[in-house]
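In what follows, a single structure is set out as structure tokens and then discussed.
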Amino acid sequence: MSLWKWVDALPPIPESARVTLGEGGTPLIRSRSIGPRAGLNNLFFKLENLCPTGSYKDRFAAVAVSDMVARGKKRCLATSSGNTGAALAAYTAAAGIACHVALVETAPLEKCRQLLAYGARLHRIRGFGFRPEVTRQVFSALQQHGAAADAAMQISAFKYSPIGMTGVQTLSFELHEQLDSRVDHIFCPAGGCGAAVAVARGFRQLVERGALGRSPRVEIVQPRGNDTIATALRTGLSEGCEVACETKISGLQVPNLIDGNLAIAECGATGGTGHVVDDADVWTTQSRLAREEGVFCEPAGAAATTAVLNAVAEGRLRPDAMIVALITGSGFKDAPSVERMTGSLPIPVVDFEEFERAL
């Protein structure tokens, strides 16, 4: 199965140009531990960590690269903290397109290796992803070079790549199908905020087509060290602001607004609000997801569940509400965070007798 199941809701790309690695169709599982312990009867996890390259960004890359094939493009220019780059590198490799990726300075080594394995050319830029002025310079340069006849700039944001981002809207179509229209809240981790916009727009499409009576509330989740729009949305502002990024959560280190103001409008229209989470709480939730639910995700993928737990503690969620937390990326993406969970000591080699005593 791939997201091309929803071809009628996607841009008109010829079938011969469509590139797929089996993205989409990810499982939705009910929480067995974290939800019930928090007093929630219907907490679900959408396992986007099980997409082909390990994140929901494959939905973006499948449509973005297919559009490039249809238009005869031969060079993909992109920015990433890792997941967008991995997705684009994989799909451009499948399509025979060269891929150049400007990386956030602190992109985890595992993500860099994944991109290299697909044959992408990487450019790690000092200050990119942390200093707004450097980030603006990078985007400007990519726009300039991406305007060449043989190239296309691909950034997972509606501001820059609206065609590719329609692929992320298929998340909403799947959730509607998997929960039979009964979703109340969807918690979305947000850096540049494109995913939250896509989810809100996907459900709006369903409402406009008469397939759904109302949209679920799309809740935006950001780390406290990259709070460009979460607090603004919660306090009723129509615009966010650039920040000096201080969070350590890879994938959510986006100091510029990009799709931020759009997310305030789109998610606010669903009745959703903003949620700010602390890095330490995200790491704790990451560990709990692995040890209590069997869900192995990177910290960014645990941010949504962290916000759910905070919202319960604040009395903002009904015990019987149907809640979905997006698990956006795999734990294999971020070895330092896994080492934080497990410790860094090597596993000792023991004699059989010692093993038997341990049993």
Checklist entry - For region 92-145, what are the per-bin percents of Cα-Cα distances with bins 10 Å wide, up to the bin holding the maximum? => result 23, 47, 28, 2
Checklist entry - How big is the convex hull of the Cα atoms of region 22-90, per residue, in Å³? => result 100
Item to check | Shape metrics for region 283-351, restricted to C-alpha atoms - Rg then Dmax, Å | outcome: 14.9, 53
Next on the checklist: If you average the C-alpha positions of region 1-56 and of region 195-267 separately, how far apart do those two centres end up, in angstrom?
Outcome noted: 19
Item to check | Sites Asp150 and Val350 - FRET efficiency at Förster radius 56 Å, r taken between beta-carbons, to 0.05 | outcome: 0.45
Checklist entry - Near Leu326, within a Cβ-to-Cβ distance under 13 Å, what is the net charge of the other residues, with Lys and Arg +1 and Asp and Glu -1? => result -1
Next on the checklist: Neighbour counts of other C-beta atoms within 10 Å: give me Ser172, Ser344 arranged from fewest to most.
Outcome noted: Ser344, Ser172
Checklist entry - So how do Phe203, Phe130 line up by other beta-carbon neighbours within 10 Å, fewest first? => result Phe130, Phe203
Item to check | Relative contact order (percent, whole number), the chain, Cα cutoff 8 Å, 6+ residue spacing | outcome: 19
Next on the checklist: Given contacts defined as C-alpha pairs under 8 Å and at least six residues apart, what's the relative contact order of region 57-162, whole-number percent?
Outcome noted: 31
Checklist entry - Rounded to the nearest 20 Debye, what is the dipole magnitude of the chain about its Cα centre when Lys and Arg each give +1 and Asp and Glu each give -1 at the C-beta? => result 760
Next on the checklist: Counting only other residues whose beta carbon sits under 13 Å from that of Phe130, what net charge do I get with K and R as +1, D and E as -1?
Outcome noted: +1
Checklist entry - Considering the dipole of region 112-180 built from charges on the beta carbon (Lys and Arg +1, Asp and Glu -1) around the Cα centre, which of Ser156, Gly167, Gly127 is farthest to its positive end? => result Gly127
Checklist entry - Which value in Å does the Kirkwood hydrodynamic radius of region 57-162 take, with 1/r averaged over all unlike C-alpha pairs and then inverted? => result 13.4
Item to check | Ranked Leu206, Leu237, criterion: other C-beta atoms within 10 Å, fewest first | outcome: Leu237, Leu206
Item to check | Per-pair calculated FRET efficiency, R0 = 25 Å: Arg340 and Arg234 via Cβ, rounded to 0.05 | outcome: 0.30
Item to check | Where labels lie 7 Å past Cα in the beta-carbon direction, separation of Ala98 and Arg71 in nm | outcome: 1.8
Next on the checklist: Kirkwood hydrodynamic radius, computed over distinct alpha-carbon pairs, for the chain: how many Å, to one decimal?
Outcome noted: 20.4
Next on the checklist: Can you give me the Rg/Rh ratio for region 116-166, using Cα atoms for both radii and the Kirkwood formula for Rh?
Outcome noted: 0.99
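Every read-out reported here was derived from the displayed coordinates using simple, explicitly stated rules and does not represent laboratory data. This is a predicted model, so every value here is computed, not measured. FYI the Cβ positions are ideal-geometry reconstructions off the backbone, even for glycines, and counts take in every protein chain you see.
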